[in-house]
Every structure is written in C-alpha cells, then in structure tokens.
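J.: Following this message is one structure expressed as structure tokens.
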Amino acid sequence: MRTAGIRATQFAILAAVFAITLHAEVPEAAVAYKVTLTSPEQHLLEIQIELPAGADSRELQLPVWNALYQVRDFAQYVNWIHARNRSGTSLTIHKLNNSRWQIEGAGQGALVTYQVFADSPGPFGAQLNAHHAFFNLAEILMYPVDARKSPVTLQFSQLPSEWRIAMPFQARDVYFQVENYDRLVDSPVEIGRFQENDFMEAGAGFRVIIDADPSDYDADKIVAALRKIVAAEISWMNDRPFDTYTFFYHFPRGPAGGGMEHAYSTAIDLNAESIKRNLDTLTGVTAHEFFHLWNVKRIRPQTLEPPDYTKENESRALWFSEGVTSTAEGIAQLRAGFLDEKQYFSRLGEAITELQRRPAHLTQSAEESSLDAWLEGFSYYRRPERSVSYYNKGELLGILLDLAIRDASHGQASLREMLQWMNANYAKKNRYFEDSNGVREAAEAVSHADLGWFFTKYVAGTEEIPWDDFLRSAGARVEAIPNTVPDPGFLASRNFDGPMSVVAVTPGGEAERAGLEVGDTITELQGKPAGEESRQQLARLRPGDTLAVKVRPRRGAERELKWKVAGREEISYEVKDLEHVTPAQRARRTAWLKGEAQGVLAGDSK
Ligand SMILES: [Zn+2]
C-alpha cells in the first residue's frame, strides 16, 4: 500500500472530525442488517435482518433492478429464507411474488435470515469469492416495505483474516449506520486486501481503493490524474457537495470495463493490460462517473425518483443524465489537459460517425432511446437498425445545446451556466427536474431565448442534425468522407460489462465461412481479452488483415477462428476548420473548448 504522505495525514484528521459528528447510538427503530460471508469459495452469503417492532404483518422486498437500468431479478439467487420472533419462535413466511415475502407475527420485531449466492463480477454486480467481496447492496439486501425510510445499520461478519472493509462512509466500531435503505444501497462495499491511497483536493478528502495486482498499476500516476479530474470538475461546477468521496477500482486481468456512479463514490473496473499501456480509458471513465455526482445523483429527473425497485423506472431523460454527462466528461478532459482541440475534434467526428451510421437515427429519438434503456440487455435491440445509444446521441446533443445556448445568448451563457442553473434550482432546492422539459427550462433561463425548436427536432424528434449550422459560429464544419473501411464480416455488442456477443454475421462473408455464428460469445480478439478496447482494435484493422478471434459457441467447446478482413464503402465524418475562421469564431471556439461563457466583448479574441 502506498499513501500520499502529508496529504494522507490531513485526510485522517478530516475523517476523524466527521466521525465525531455521527450519532453515537443505534436508533431504536433502526433496521439492522448483518451480512455473513459464509463461504467465499461457494459464493454464499447469509443475510440477517432484524426488524424493529411494528405491524404484525410485514412485507420484505428484494429489488428487481439496481445499478444498471435493467431488470435482473436478484431474487433468483435467494436459496432459502426463514423468520423468527424475538423469543426464537418460527414465524410464517409466504411469498407474494417472486421478489416479495410476507411475514406474520412480527409485531414485537422479527429476525429474518436468508441465504444468497453472489458471483456477479464488476461494478454493476455483487460478488463474494476467495479473493474478495464487492457488493451493490440492493442486489443482496431486502427492505421492509413499511420501513424503507427508517435508519439502517449494517455489519459484516466472518471476514477471512487480513480482509478489510471499505465503504463511502466511516464505520462505527463494527457497524455502519446511515439514514435509510436508499442511501445504504447507493453505497458500494469492497471487502478484501485492497490498497488505499488517499488525497486531499479542493478542500475535500478522497479515498482511492484499488483491488488489483500492485505490479499492474502505478498508484501515484492514478492519484495525479484523479487530482486533475476532480479539480477540473469542481471548478467547472463551482460546487463541491460532499466532504469525502471514494473511488473504487478493480483492474482484473481478464475482460473488464465499466463504471457505476453513486452519490459519494464510484466503482470502476478496467482491464489490467489497458491500465499498464496508458491511463486514457481510466481518465475518461473516471471523469464521466465523477460528474454523475451532480448529473443524475443530485441533478435528478423526477422519473427516477423515488426509485421503484419492483419494476422498470422508465425515463425520457437518460439522453441528458448519461449523454450530457459524457459531454461534461469531454469538457473536463479538455480543462484537465488530457485532450487538446485536435483530439477533441477527432473524438467528436467519431461520435458523429457512430450516430450517422446507425439507420435507427432516423426512427428512434433520444427520448425513446432513453425509455428503451430497459431493453439493452437484449442483443437484437442493440442492432444499428433498431436503436441509437442515448450515450452517443445524448453526448452530441449536449455539445449542440452548448453551441445553441452560446448562439442564442451571444456568448454570454453556455452549457456550464445551464448545468449550474440546474444545480442551483433543482439539486440545491431538493427538486427533481421534469425530464426534457426541465432541461429546456434551464437552457432557456440562461440563454433568455426560446429553444423549443431544439427539443422538438432533435430530442423528441428524429430530424437529421444540420451539424454545420451548429458548428459555424465556432469556425468549424463537418465533412462527410467516403472511404473504404475494414469490414470484419460480423457485428458484436456488449451489454455494459457483459460478454461480447455476435449479433449479426454478413451472409456469404469471410466470418461466416470461418464458422462464426450469431449468438457466439467472443472471448478474445487478436490475442487480447474482449472488452472495452475491442471496438478500437476492430477500428484499427485494415482490409486484408487477418483477424483472429476466440469464440465460445452456444454449443460446443471454445475454438479459435481466423479470416481475412474485407473492405466496405462507408462514410466517415470529420470536424474541420472553415476556410476562413474569423476572430469572433476563434473566440467562440476557445470559450467552447474551455467550457466557459465569453466576456462582455463577444468578438474579443484573446
Ligand atoms: Zn454514466
């Protein structure tokens, strides 16, 4: 374990101050959870819930979804459940549906015990194995339906020796205590032999919990990058709504890739090899997840609140909550010095290409893509003729809305003012915003202009986006360039950090001749585990190159396939300078890429 010297000491003092402000006693009405790590080898947990006195008949619910906007029915992992009263007499439990149980005779309180199997790796999962435990707690903890708002305590037992616990808040002796279930399950937990590197920045304490082989990463470099990211975003939002924040990282050597946001923490998994090469993916994912502490955790659409754990929470706002978080990720990377103008424009061109190449950009709106998020687990849904990504189109809409606000306000306002307005008028006032209408309200408030056309055509509608009209004031344009692109002969996609599955194979193509079939799982691509970077690997191929993949067919053993990559005519989009960039356009561009509004002199170019 490496620590950051003097900064770690400052952090320790800060943490001690917070600990004192916590309540010293367990409240009478608390729901007390105890998680026993029964068998790491068999991935078995025993959960005990102590219910306070209350109604005689009580219901317990296990969420059907959490972390991902996908129903995953966690009840599938509950092996058995029983309940007793305080004097040890068994109570009757009957199942109301596959995720809800009713207990009779619990008036004086009850002790409910159940066994859960937990072996889903990654930032969206819950896993106990011989190496460690990581939990999104909603996947293993039921809540009493009549006491979801009650204070809760949580403790863990039967930890293997040398295992420690990290959560986004301080432990009190052996247990954690928070105000309610919702807050508890927004707090992931890592238990094991992790390394911890703490630092202070912008007056806050940051914990960096890393579960990985120490030879696979350089903690000092990671901390240096994190400092830049958090400083860039805190200054951009001019707000720091927390005193401590925790980064959880896992760098497994196999397939990995993904990040999950929480109000006071984030959990990020990245493949160890990619971390060794450079920190580009880490800084991108981290900038995205950290920005979520504002956008979605505090600046929150009404449709996600309060969360309904019993069914899909449909929202038309994910293009904003996810996509515009990606826009902010880009701005943070520019402000932190991780991207320059050339790299940013190249990335913008790639995002435009991704959207334009999906035929569904003319049939599915950004709002519909948001609503349909709950279908993303199905591979057919992820096909280009069926859906667009609310991440991809949402990120582009964030960029275009930024430019539209600048145009409408003659440079006096930008996306930054809009997000700060939403923070002040929704988050700080404990209000939730009304999906796209709430975004429009904010955009119009800071630009003093009617932006209804933007939302009608491009957010709720599927009109082709006139890229040049938006980019002109920043002296840029989009060029459509026909070229021969590598065609591997198949299409594969992943459900977040899930395995990469083949969703289409070109009839008569080389991949089909080599034996690749729809439904196959690709485990390796050119000798590297399939994951976050596979898309870039595929993009780097040239027609004529040999492609080597390892696949696990639906039936039969894993095998290796090889074939030659073909070529196909496609249009790529690139962002270029206008022939003559005026000083006013240059000034607009400079302000845009800084994420800032312009001064009083809109044409001033400094
Ligand atoms: Zn996100």
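The values are calculated or read from the model by the stated rules, or taken from the named source; none is laboratory data. Computed from a predicted structure; not experimentally measured. Cβ atoms come from the backbone with ideal geometry, glycine included; neighbour counts cover every protein chain shown. Accessible surface areas use protein heavy atoms only, side chains included; no ligands, DNA or RNA. Shrake-Rupley method; radii C 1.70, N 1.55, O 1.52, S 1.80 Å.
J.: Report yes if Glu329 is open to solvent by 30 Å² or more (accessible area, probe 1.4 Å) and either within 10 Å of the ligand (Cβ to nearest atom) or more than 30 Å from Gln536 (Cα to Cα) (or both), otherwise no.
T.: Working: open to solvent by 30 Å² or more (accessible area, probe 1.4 Å): no; either within 10 Å of the ligand (Cβ to nearest atom) or more than 30 Å from Gln536 (Cα to Cα) (or both): yes.
No: the conditions fail for Glu329.
J.: All but one of (1) closer than 17 Å to Thr325 by Cβ; (2) within 16 Å of the ligand (Cβ to nearest atom) hold for Val230; which doesn't?
T.: Here Val230 clears every test but (2).
J.: Another one. Considering only region 410-485, give the helices (runs of 4 or more DSSP H) lying wholly within it that have at least 1 residues that are among the aromatic types (Phe, Trp, Tyr) and free of Cβ contacts under 8 Å to residues at least 60 places away in the same chain.
T.: Numbers: elements: 415-425, 435-447, 467-471.
Counting at least 1 such residues, we get 415-425.
J.: Which of the numbered conditions does Glu574 fail, given that it passes all the others? Conditions: (1) buried (at least 16 other Cβ atoms within 10 Å of the Cβ); (2) acidic (Asp, Glu); (3) more than 24 Å from the chain's Cα centre (by Cα); (4) in a loop (DSSP other than H, G, I, E, B).
T.: Condition not satisfied by Glu574: (4).
J.: So, Ala29, is that one under 23 Å from Lys149 (Cα atoms), at pLDDT below 95 and either open to solvent by 20 Å² or more (accessible area, probe 1.4 Å) or not in a loop (DSSP other than H, G, I, E, B) (or both) or not? Before the answer, list the steps.
T.: Numbers: under 23 Å from Lys149 (Cα atoms): yes; at pLDDT below 95: yes; either open to solvent by 20 Å² or more (accessible area, probe 1.4 Å) or not in a loop (DSSP other than H, G, I, E, B) (or both): yes.
Spelling it out, Ala29 is indeed under 23 Å from Lys149 (Cα atoms), at pLDDT below 95 and either open to solvent by 20 Å² or more (accessible area, probe 1.4 Å) or not in a loop (DSSP other than H, G, I, E, B) (or both).
J.: Here's something else I'd like to know. Report, by residue number, each residue of region 342-381 that is of a type in the set (Phe, Trp, Tyr) and open to solvent by less than 60 Å² (accessible area, probe 1.4 Å). Lay out the reasoning, then the answer.
T.: Residues of region 342-381 of a type in the set (Phe, Trp, Tyr): 344-345, 374, 378, 380-381.
Within region 342-381, Tyr344, Phe345, Trp374, Tyr381 qualify.
J.: While we're looking at this one, here's another question. How about region 561-571: which of its residues are open to solvent by less than 50 Å² (accessible area, probe 1.4 Å), part of a strand (DSSP E or B) and not aromatic (Phe, Trp, Tyr)?
T.: Taking region 561-571 first, the residues open to solvent by less than 50 Å² (accessible area, probe 1.4 Å) are 561, 563, 565-567, 570.
Filter once more, keeping what is part of a strand (DSSP E or B): 561, 563, 566-567, 570.
The answer is Leu561, Ala566, Gly567, Glu570.
J.: What residue, among those in region 261-303 that are of a type in the set (A, V, I, L, M), within 24 Å of Glu417 (Cα to Cα) and surrounded by fewer than 22 Cβ atoms within 10 Å (Cβ to Cβ), is nearest to the ligand (Cβ to nearest atom)? Steps first, answer last, please.
T.: Within region 261-303, the subset of a type in the set (A, V, I, L, M) is 263, 267-268, 270, 272, 275, 279, 282, 285, 287, 293, 296, 299.
Within this subset, residues satisfying the condition of being within 24 Å of Glu417 (Cα to Cα) are 263, 285, 287, 293, 296, 299.
Next, only the ones that are surrounded by fewer than 22 Cβ atoms within 10 Å (Cβ to Cβ) stay: 263, 285, 296.
Numbers: Ala263: 14, Val285: 9, Val296: 7 Å.
Per the stated criteria, the residue is Val296.
J.: Can you find a residue in region 316-323 that is more than 16 Å from the ligand (Cβ to nearest atom) and more than 29 Å from Val230 (Cα to Cα)?
T.: Step one: filter region 316-323 for residues more than 16 Å from the ligand (Cβ to nearest atom), giving 316.
Among the residues that remain, those that are also more than 29 Å from Val230 (Cα to Cα) are: none.
Taking every residue of region 316-323 in turn, none turns out to be more than 16 Å from the ligand (Cβ to nearest atom) and more than 29 Å from Val230 (Cα to Cα).
J.: Enumerate the strands (runs of 3 or more DSSP E) found wholly within region 116-169, keeping only those where 1 or more residues are closer than 28 Å to Ser57 by Cβ.
T.: Values: elements: 126-128, 133-135, 152-157, 164-166.
In region 116-169, 152-157 are the strands (runs of 3 or more DSSP E) which contain 1 or more residues that are closer than 28 Å to Ser57 by Cβ.
J.: I want to confirm something. Restricting to region 186-207 and keeping residues that are charged (D, E, K, R) and open to solvent by 10 Å² or more (accessible area, probe 1.4 Å), which single residue is farthest from Ala171 (Cα to Cα)? Don't jump to the end; show me each part of the working.
T.: Going through region 186-207, the residues charged (D, E, K, R) turn out to be 186, 190, 193, 196, 198, 201, 207.
If we keep only those that are open to solvent by 10 Å² or more (accessible area, probe 1.4 Å) as well, we get 186, 193, 196, 198, 201, 207.
Details: Asp186: 16, Arg193: 17, Glu196: 16, Asp198: 17, Glu201: 23, Arg207: 14 Å.
Among those residues, the one meeting the criterion is Glu201.
J.: Report, by residue number, each residue of region 150-168 that is of a type outside the set (Gly, Ala, Ser), out of contact with any Leu (no Cβ under 8 Å at 6 or more places or on another chain) and open to solvent by 30 Å² or more (accessible area, probe 1.4 Å).
T.: Matches in region 150-168: Pro151, Gln155, Glu162, Arg164.
J.: Can you find a residue that is among the β-branched types (Val, Ile, Thr) and in a helix (DSSP H, G or I) anywhere in region 346-366? Reasoning before the result, please.
T.: Of region 346-366, the ones among the β-branched types (Val, Ile, Thr) are 352-353, 363.
Those still in the list that are in a helix (DSSP H, G or I) too: 352-353.
Yes, region 346-366 has at least one match.
J.: Okay, next question. Among the candidates Glu434, Glu464, Glu444, single out the residue that is surrounded by fewer than 20 Cβ atoms within 10 Å (Cβ to Cβ) and within 22 Å of the chain's Cα centre (by Cα). Steps first, please.
T.: Details: Glu464 fails: within 22 Å of the chain's Cα centre (by Cα); Glu444 fails: within 22 Å of the chain's Cα centre (by Cα).
Of Glu434, Glu464, Glu444, the one residue that is surrounded by fewer than 20 Cβ atoms within 10 Å (Cβ to Cβ) and within 22 Å of the chain's Cα centre (by Cα) is Glu434.
J.: Pairs only if they're at least six apart or on different chains, beta carbon under 8 angstrom, first in region 277-289 and without any contact (Cβ under 8 Å) to a residue 40 or more places away in the chain, second within 16 Å of the ligand (Cβ to nearest atom) and of a type in the set (Ser, Thr, Tyr); list them, first residue then second.
T.: Glu289/Thr266
J.: Here is a follow-up. For region 394-414, does any single residue satisfy the condition of being aliphatic (A, V, I, L, M), open to solvent by less than 50 Å² (accessible area, probe 1.4 Å) and touching a strand residue (DSSP E or B) at 6+ places or on another chain (Cβ under 9 Å)? Even if it seems obvious, please write down each step before you answer.
T.: Of all residues in region 394-414, those aliphatic (A, V, I, L, M) come to 396-397, 399-401, 403-405, 408, 413.
Next, from what is left, pick out any that are open to solvent by less than 50 Å² (accessible area, probe 1.4 Å): 396-397, 399-401, 403-405, 408, 413.
Restricting the remaining residues to those that are touching a strand residue (DSSP E or B) at 6+ places or on another chain (Cβ under 9 Å) gives none.
No, region 394-414 contains no residue that is aliphatic (A, V, I, L, M), open to solvent by less than 50 Å² (accessible area, probe 1.4 Å) and touching a strand residue (DSSP E or B) at 6+ places or on another chain (Cβ under 9 Å).
J.: Among all residue pairs at least 6 apart or on different chains, which show Cβ distances below 7 Å where the first residue, located in region 148-170, is of a type in the set (Phe, Trp, Tyr) and the second is in a loop (DSSP other than H, G, I, E, B)?
T.: As it stands, the answer is Trp163/Arg193; Phe169/Ser187, since those pairs meet every condition given.
J.: Tell me yes or no: at least one residue of region 171-193 is touching a Leu at 6+ places or on another chain (Cβ under 8 Å), free of Cβ contacts under 8 Å to residues at least 60 places away in the same chain and aromatic (Phe, Trp, Tyr).
T.: Yes, there is a match, as at least one residue in region 171-193 is touching a Leu at 6+ places or on another chain (Cβ under 8 Å), free of Cβ contacts under 8 Å to residues at least 60 places away in the same chain and aromatic (Phe, Trp, Tyr).
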